[in-house]
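**Student:** I'd like to ask some things about the structure below.
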Amino acid sequence: QVQLVESGGGLVQPGGSLRLSCAASVSIFSIYAMGWYRQVPGKQRELVAAISSGSITNYADSVKGRFTISKDNAKNTMYLQMNTLKPEDTAIYYCNADYGPLVRSRNYWGQGTQVTVSS
């Protein structure tokens with residue numbers, strides 16, 4: 001059972017940048033897909049970006065061109081580089097590991113890290 005720990009959140013001004021990290025307790029080389037989700041009070045958790053085991057990426061329209069998801073299999077770590085941050089990016093960001101459709105327990109989550117974009 002993988003444990004996921006996010007880090008790198010904080011307070012940043014609009015237009016600034018942050019890099020989030022998600023450290024996994026096991027090898028991530030063969031994980032079906034991993035991703036970043038975010039959630040604000042009163043709203044559903046939404047997918048921000050995802051990356052497959054083959055490093056194919058997908059982004060929410062709201063962050064496309066500003067955020068970059070990546071992973072380092074040797075370090076068992078996934079990253080989210082966030083540039084040109086906007087106040088509407090403020091949320092708790094969660095790391096997700098998806099083991100795919102062939103396992104009984106498919107999804108695992110980190111505890112979240114707060115990102116606040118404010119003047």
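**Student:** In square angstrom, what is the accessible area per residue of the chain with a 1.4 angstrom probe?
**Tutor:** Value for the chain: 55 Å² per residue.
**Student:** Quote to one decimal, in nm, the extra length available between Glu46 and Lys75 on full extension: 0.36 nm per residue of separation minus the C-alpha distance between them.
**Tutor:** 7.8 nm
**Student:** Could you check the simple spin-label distance between Gln39 and Ser55, using points 7 Å along Cα→Cβ, in nm with one decimal?
**Tutor:** Here the answer is 3.2 nm between the modelled labels.
**Student:** Also: Hey, any idea what % of the chain's accessible area is carbon plus sulfur with a 1.4 Å probe?
**Tutor:** Carbon and sulfur: 49 percent of the exposed surface of the chain.
**Student:** Mean separation of Cα pairs under 8 Å and 6+ residues apart, divided by the residue count of region 50-89: what relative contact order is that in percent?
**Tutor:** Relative contact order comes out at 30 percent.
**Student:** For region 36-51 and region 1-34, what is the separation of their C-alpha centers, rounded to whole Å?
**Tutor:** Each part reduced to its Cα centre gives a spacing of 13 Å.
**Student:** Mind grabbing the accessible area of Val40 for me, 1.4 Å probe, Å², rounded to tens?
**Tutor:** Accessible surface of Val40 is approximately 50 Å².
**Student:** If I take every Cα pair under 8 Å that is 6 or more residues apart in the chain, average their sequence separation and divide by the length, what percent do I get for the relative contact order?
**Tutor:** Dividing the mean separation by the residue count of the chain yields 36 percent.
**Student:** What does the charge dipole of the chain about its Cα centre add up to, to the nearest 20 debye, if the Cβ of each Lys and Arg holds +1 and the Cβ of each Asp and Glu holds -1?
**Tutor:** 80 debye
The values are calculated or read from the model by the stated rules, or taken from the named source; none is laboratory data. Since the model is a prediction, treat every value here as computed from it, not as a measurement. We place every Cβ from the backbone using ideal geometry, glycine too, and count neighbours over all the protein chains shown. Note: accessible area is taken over every heavy atom of the protein model, side chains too, but ligands, DNA and RNA are not part of it. Shrake-Rupley method; radii C 1.70, N 1.55, O 1.52, S 1.80 Å.
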